[in-house]
1. Residues in region 126-164 that are hydrophobic (A, V, I, L, M, F, W, C) and touching a Cys at 6+ places or on another chain (Cβ under 8 Å): how many?
2. Would region 38-61 turn up any residue that is of a type in the set (S, T, N, Q) and surrounded by fewer than 21 Cβ atoms within 10 Å (Cβ to Cβ)?
3. Output the number of residues of region 347-366 satisfying the condition of being in a helix (DSSP H, G or I) and either surrounded by 14 or more Cβ atoms within 10 Å (Cβ to Cβ) or small (Gly, Ala, Ser) (or both).
4. So, residue 244, is that one at pLDDT 95 or above and touching an Asp or Glu at 6+ places or on another chain (Cβ under 7 Å) or not?
5. Would you confirm whether or not region 282-305 contains a residue that is surrounded by fewer than 20 Cβ atoms within 10 Å (Cβ to Cβ), touching a residue at least 12 places away in the same chain (Cβ under 8 Å) and touching a helix residue (DSSP H, G or I) at 6+ places or on another chain (Cβ under 7 Å)?
6. Listed residues 186, 153, 128; which is of a type in the set (D, E, K, R) and within 22 Å of residue 232 (Cβ to Cβ)?
7. In the set 166, 173, 215, which member is within 30 Å of residue 90 (Cβ to Cβ) and assigned by TED's automatic domain parsing to the domain that holds residue 265?
8. Regarding residue 68, is this residue crowded, with 23+ Cβ neighbours inside 10 Å, touching a residue at least 60 places away in the same chain (Cβ under 8 Å) and in a loop (DSSP other than H, G, I, E, B)?
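The values are calculated or read from the model by the stated rules, or taken from the named source; none is laboratory data. Every value quoted in this text rests on a predicted model; they were computed, and no experiment measured them. Note: ideal-geometry Cβ built from the backbone for every residue, glycine included; neighbour counts use all protein chains shown.
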Amino acid sequence: MRVLFLDLDTLRPDHLGCYGYPRRTSPNIDRIAADGVRFERYYCSNAPCLPSRAAMVSGRFGIHTGVVGHGGTAADMRPTGPGREFIDFPLDRHSLFALFANAGCHTASISPFAQRHSAWWFYAGLREIHNPGKYGMESAEDVTPTAAKWLEEHAATDNWFLHVNYWDPHTPYRAPEAFGNPFADEPLPAWLTEEVIASHQGLTGPHSASEINMYTDQEEPQFPRQPGAVRDLTDARRMIDGYDCGIAYMDGHIGQLLAILERHGVLDDTMVIVTSDHGENLGEMGIYAEHGTADDITCRIPMIVKLPGGRRGHVDRGLHYNLDLVPTLAELFHLPPHPQWDGKSYLASLATGQDTGREFLVLSQCAHVLQNAVRWDNWIYIRTVHDGYRLMPDELLFNLADDPHEQHNLAPERPDLCGLASRMFQSWHEQMMRTQPRGEPDPIWTVYHEGGPYHTRGQLRSYCERLKTTGRSAAAEQIIAKHSRELM
């Protein structure tokens, strides 16, 4: 068995050619999709980066692992507890990389992720680790030489697994200036108009149109593709072209890895997995260059699997979580599902095209806001506990078939669907709490009581002062009234 796992940070699927994007951002990823199965409705259960990969690696929801945020108690994997053994660490037997190691593969990873997020459990099951050393600020040229060298040395051998983590689509958008801009003359997405951008100018919160650098509009000269604010279509082009250039630059490097496998005559016999940790809002909900909500744009991710002997050119339209990958691989290896896994195998989708999707999904975001969401049919319902200073309504409802960019909140018009989604969430939540290890609380409330989302802590006073100096005093007063407990 040979496996190349391409873990591509911050990659929204609808900016890939194989998902219908008109710009030529991803010819090499598209080639993998043509030879495998592309999942149309695939989601991270817990956004963004740290909780997403915790779910993917463990096969468990964040409510069970405890990892739902970026800091504080809810950024650490819960300890095993009294049953912990000397060397029998559960993640070293039942996690993503461990499955390959225990199946006889030499497992290796090229990634800064564990260091960036102090997530040392991420190494479970890995036998070889290469950390590029830039804490997630790597560009593809920092990663590919190590990956290419590794593949040249191992490609022709059998039983290997290589995890390669690229970061180019993540903010700040970083494709080298020498790459140019192949999209300079191509139109922007039709939905993002001058009128839409104008309507976003009074909005608040990190990565709003006026504060793309989280809480300011400051720009960094070393990242010229990243604007500090979006005030018109010129700024929007700079942002979207910057994001797309990151994808295209990364895709070219992926092509280099595929070429090595092809030259060694093993590409057809290599399993290739392409996925991401989360997407990226590029104006949706008034949020720019960020992945800070539990909406469809942040939580929907690509999943492409080229399985030797499996389906080719197939599109699966079922609802799946990223945590479903672990039980899928276990079934591939003829292993029984582990009792603690929350995931559900979709191997039949890969092998025969069978529908293995779920009735609905429950999603969360606890690093920038505190939100739960329910995704079903054409709908997503979002319930907000803490709005991250965005002054969002407590309930949001979008019809994604008619409104894929989430411009029209239908919650006030459709209380029936809000009620349906609330009941689906409640049934899921009750099941999660019944199976909660040692009676632990729901970690969304741990985050709330520890001071709110990690990326808002300590920012309220200074941000409201900025709002006052930029003509948004009324919004500042609303935010202070809503979040006054944080000033105590």
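1. Residues of region 126-164 that are hydrophobic (A, V, I, L, M, F, W, C), as a first pass: 126, 129, 137, 140, 143, 147-148, 150-151, 155-156, 160-162, 164.
Checking which are touching a Cys at 6+ places or on another chain (Cβ under 8 Å) leaves us with 160-161.
The number of residues fulfilling the criteria is 2.
2. In the first step, residues of region 38-61 are kept if they are of a type in the set (S, T, N, Q); the result is 45-46, 52, 58.
Filter again for surrounded by fewer than 21 Cβ atoms within 10 Å (Cβ to Cβ), leaving none.
Scanning region 38-61 turns up no residue that is of a type in the set (S, T, N, Q) and surrounded by fewer than 21 Cβ atoms within 10 Å (Cβ to Cβ).
3. Start the filter on region 347-366 by keeping residues that are in a helix (DSSP H, G or I), which leaves 347-352.
Those still in the list that are either surrounded by 14 or more Cβ atoms within 10 Å (Cβ to Cβ) or small (Gly, Ala, Ser) (or both) too: 347-351.
Within region 347-366, residues that are in a helix (DSSP H, G or I) and either surrounded by 14 or more Cβ atoms within 10 Å (Cβ to Cβ) or small (Gly, Ala, Ser) (or both) number 5.
4. Numbers: at pLDDT 95 or above: yes; touching an Asp or Glu at 6+ places or on another chain (Cβ under 7 Å): no.
For residue 244, the condition - at pLDDT 95 or above and touching an Asp or Glu at 6+ places or on another chain (Cβ under 7 Å) - is not met.
5. Here is the first cut: in region 282-305, the residues surrounded by fewer than 20 Cβ atoms within 10 Å (Cβ to Cβ) are none.
No, region 282-305 contains no residue that is surrounded by fewer than 20 Cβ atoms within 10 Å (Cβ to Cβ), touching a residue at least 12 places away in the same chain (Cβ under 8 Å) and touching a helix residue (DSSP H, G or I) at 6+ places or on another chain (Cβ under 7 Å).
6. On the way: 153 fails: within 22 Å of residue 232 (Cβ to Cβ); 128 fails: within 22 Å of residue 232 (Cβ to Cβ).
Sole residue among the options that is of a type in the set (D, E, K, R) and within 22 Å of residue 232 (Cβ to Cβ): 186.
7. Working: 173 fails: within 30 Å of residue 90 (Cβ to Cβ); 215 fails: within 30 Å of residue 90 (Cβ to Cβ).
Among 166, 173, 215, only 166 is within 30 Å of residue 90 (Cβ to Cβ) and assigned by TED's automatic domain parsing to the domain that holds residue 265.
8. Numbers: crowded, with 23+ Cβ neighbours inside 10 Å: yes; touching a residue at least 60 places away in the same chain (Cβ under 8 Å): yes; in a loop (DSSP other than H, G, I, E, B): yes.
Yes: the conditions hold for residue 68.
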